Each structure stands twice: as structure tokens, then as C-alpha cells.
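The values are calculated or read from the model by the stated rules, or taken from the named source; none is laboratory data. Just so it is clear, the model here is predicted, and its values are computed rather than measured. With ideal geometry, Cβ positions are generated from the backbone for all residues, glycine too; neighbour counts draw on all protein chains shown.
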Amino acid sequence: MMRLIKAVVMLVTGSLVSAFALNVFFIPARLTMGGISGLVSIVYQLTEQGNFLPFGTMVILVNIPILLLGWLRISAGFVWRSIIGTLAYSLVIDITEPFMSGWYKYIFSGSSSGIVPDALLFTLFGGILYGLGLGLIFRASYTTGGTDIIAVLLKRRIKHLSIGQFLLVIDATVVILTVFFYRNQNESAVLLAMYSFIAMYLTSKSIDIVLEGFDYTRTAYVISDHSEEIGHRIMNQLNRGVTALNGEGMYTGRSKKVLLCVLSRKQIPLLKSIVLEIDPEAFVIVGEAREVLGEGFGSSSEFL
């Protein structure tokens with residue numbers, strides 16, 4: 001029950017933050033996000049910002065055939081969280097639009113101060129806030145549209161591209177379309193597309209921060225003739241577990257133990273000093289671990 005409450009709170013909060021980014025920054029500045037929301041944004045702008053249908057309502061309508069296709073061709077379990085996430089995201093956008101669009105007119109329009117809004121500032125703040133909102137929704141294990149379903153179906157036909165690459169292509173295509181559809185607008189269509197690409201990049205980075213945090217865990221591999229002594233020092237001084245993997249030098253043909261351990265970023269300098277003190281000839285590889293679950297690093301329940 002507590003996990004469900006936490007997920008619902010994150011879904012609603014993420015929807016509110018995303019709605020704020022859209023209604024206050026993206027839509028007034030004619031910026032375009034990727035995916036289904038980006039396509040809806042183009043239609044929304046060309047119909048004079050909602051004279052046809054509200055933004056959130058259009059998101060739901062466009063997603064209906066895609067969600068049905070996913071339900072039939074993939075699985076109901078894959079789609080149901082997309083349905084919930086899409087409904088929450090879309091309804092919050094429409095409910096808050098009258099209130100939030102008033103904020104733009106009062107605070108950002110410059111009607112009283114004579115200050116013209118800076119498109120770059122809208123891009124920076126809009127991209128970051130939109131990413132934070134989507135990150136909260138994703139962390140609650142929901143999604144906001146059907147592009148992930150399209151990517152999965154395309155992956156089944158085109159094997160050599162990943163789902164992430166398909167999503168990138170879809171998002172980029174949507175932004176590029178604005179160059180054509182906005183060509184008769186007052187603003188430069190090319191400039192708007194460039195700003196949209198910046199906002200999309202900031203959105204992806206903000207999503208990563210929400211899902212993974214700032215301080216990525218490090219994975220270290222140590223290859224040494226003194227692996228046993230190094231392993232004991234790591235366990236005793238750094239209080240981290242160590243796994244010994246069986247390895248063999250392809251050139252020498254000698255068997256060696258390869259130590260694998262996962263540490264925080266702050267522990268890497270101490271690891272290096274331990275290895276250097278025991279075996280200056282040791283071979284050390286350090287890389288980023290984007291997500292670690294297990295003793296000392298959190299459990300799967302923290303990621304919903």
C-alpha cells in the first residue's frame with residue numbers, strides 16, 4: 001500500500017511539473033518536445049493553441065490507437081501503465097492550463113515591464129523542468145505516451161537498431177517537422193527547432209538525474225598477482241564486497257584472479273592507493289555503474 005501511495009504521489013507531482021513546463025515555457029515559446037506530445041504540440045500551435053481541442057485531450061486521442069495496437073500486438077501488462085500515465089499527464093495539463101497560462105501572461109509577457117521574453121531562458125528552464133516531471137513519472141513506473149510501443153514494434157522488424165535508437169529517431173523527426181510546419185510563423189522555424197533540440201537534450205539529462213541521481217556508482221576491476229591481499233584490504237578498509245573472477249592472460253597463459261568491486265565515487269582514490277601500495281604493476285579499470293541494487297547500495301523496492 002505504501003509503495004502504491006508513493007507511486008501515485010510521484011505520478012501526480014511529475015504530471016504537475018510537466019504541465020508547468022509545457023503551459024508556461026514550451027507552448028508560449030513554440031518549443032517542441034519529442035514523441036507524441038511533440039506531434040500534438042505542432043497541431044496545437046497550428047490550431048491557434050487549443051481552438052480545436054485542449055492539449056491534453058489531443059494527447060489522449062492520438063495515443064488511443066497506439067495503445068490499442070500495443071495491447072493487441074505486445075501485451076496488456078506492457079500497456080496498462082502507459083494508459084494510466086497518459087491519462088494523469090494529459091488531464092493535469094488541461095486542468096492547470098487556464099491557471100498556468102495566466103502566469104505566463106502576467107509574469108513573462110512583458111506587457112507591464114516592456115521586457116521581451118528570452119527564448120533561450122525558456123528553453124533552459126522548460127527543458128529542465130519537463131525532464132524533472134517526466135523523470136518522476138518514469139520513476140513511478142508509468143509512461144506518458146505511445147512512442148515506446150512504436151519503438152518496440154519497429155524493433156521487431158528492424159533488428160539491428162535498439163529501442164533507444166528508435167526513440168531518438170522518432171523524437172528528432174518530430175522536431176525537424178517543425179521547420180516545415182512553422183515556416184509561415186513570425187519566429188524563425190529553424191531557430192525554434194534548434195532551441196527545441198537543446199530543450200530535448202536538457203530533458204533527457206534531467207530524466208537521468210531523477211532516475212539515477214548525480215553520484216553514479218563506480219565499478220572497478222583489479223588484475224594483480226597479489227589479488228588476495230588487495231581483496232582483503234578493500235573489504236576491511238572500504239567495507240565493500242569483492243568478487244574474484246577466474247581469468248587467464250592470453251599472452252602469458254597464466255591464470256589470475258580478477259577482482260570485481262562496486263564502490264562510491266569518493267572511494268576510488270583510496271582504492272587506487274591500496275592497489276598502488278601492494279602492487280604497483282597491477283592493472284585497474286574503473287567505469288560508471290548506472291544503477292546498482294543490492295546490499296550497501298539499496299534494494300529494488302526503492303526503484304518501484
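Evaluate the following for L136: is it closer than 25 Å to L87 by Cβ and assigned by TED's automatic domain parsing to the domain that holds T13? Yes, satisfied. Listed by first and then second residue, the pairs linking a residue in the stretch 10-25 that is under 14 Å from T144 (Cα atoms) and not assigned by TED's automatic domain parsing to the domain that holds V40 to a residue that is crowded, with 24+ Cβ neighbours inside 10 Å and aromatic (F, W, Y), with Cβ atoms under 7 Å apart and 6 or more places separating them unless they lie on different chains, form an empty list.
Condition check: part of a helix (DSSP H, G or I) and buried (at least 16 other Cβ atoms within 10 Å of the Cβ). Does I230 satisfy that? When the stated conditions are applied, I230 passes them.
Going residue by residue through the stretch 162-177, is there one that turns out to be surrounded by fewer than 17 Cβ atoms within 10 Å (Cβ to Cβ) and touching a residue at least 60 places away in the same chain (Cβ under 8 Å)?
Of the residues in the stretch 162-177, the ones surrounded by fewer than 17 Cβ atoms within 10 Å (Cβ to Cβ) are 162-165, 168-169, 172-173, 176-177.
Still in the list and also touching a residue at least 60 places away in the same chain (Cβ under 8 Å): 172, 177.
Yes, because at least one residue in the stretch 162-177 is surrounded by fewer than 17 Cβ atoms within 10 Å (Cβ to Cβ) and touching a residue at least 60 places away in the same chain (Cβ under 8 Å).
Each residue in the stretch 244-282 was checked for being surrounded by 10 or more Cβ atoms within 10 Å (Cβ to Cβ), small (G, A, S) and assigned to a loop (DSSP other than H, G, I, E, B), and 3 pass. For the stretch 153-182, the candidate set comprises residues that are more than 23 Å from T32 (Cα to Cα) and in a helix (DSSP H, G or I); within that set, the residue that is modelled with the lowest pLDDT is K155.
Is the stretch 246-262 home to any residue that is among the β-branched types (V, I, T) and modelled with pLDDT under 85?
Of all residues in the stretch 246-262, those among the β-branched types (V, I, T) come to 252, 258, 262.
Keeping just the survivors that are modelled with pLDDT under 85 gives 252.
Yes: the stretch 246-262 contains one or more residues that are among the β-branched types (V, I, T) and modelled with pLDDT under 85.
Based on this model, can you work out whether E212 counts as modelled with pLDDT under 90, closer than 26 Å to F138 by Cα, out of contact with any helix residue (DSSP H, G or I) (no Cβ under 7 Å at 6 or more places or on another chain) and among the charged types (D, E, K, R)? In short, yes. I27 falls short on exactly one of the conditions (1) surrounded by 16 or more Cβ atoms within 10 Å (Cβ to Cβ); (2) within 18 Å of G85 (Cα to Cα), and that condition is (2).
Would you confirm, using the coordinates I've provided, whether V59 is more than 20 Å from the chain's Cα centre (by Cα), touching a residue at least 60 places away in the same chain (Cβ under 8 Å) and surrounded by 20 or more Cβ atoms within 10 Å (Cβ to Cβ)?
Working: more than 20 Å from the chain's Cα centre (by Cα): no; touching a residue at least 60 places away in the same chain (Cβ under 8 Å): yes; surrounded by 20 or more Cβ atoms within 10 Å (Cβ to Cβ): yes.
Considered against the rule, which asks whether it is more than 20 Å from the chain's Cα centre (by Cα), touching a residue at least 60 places away in the same chain (Cβ under 8 Å) and surrounded by 20 or more Cβ atoms within 10 Å (Cβ to Cβ), V59 comes out as no.
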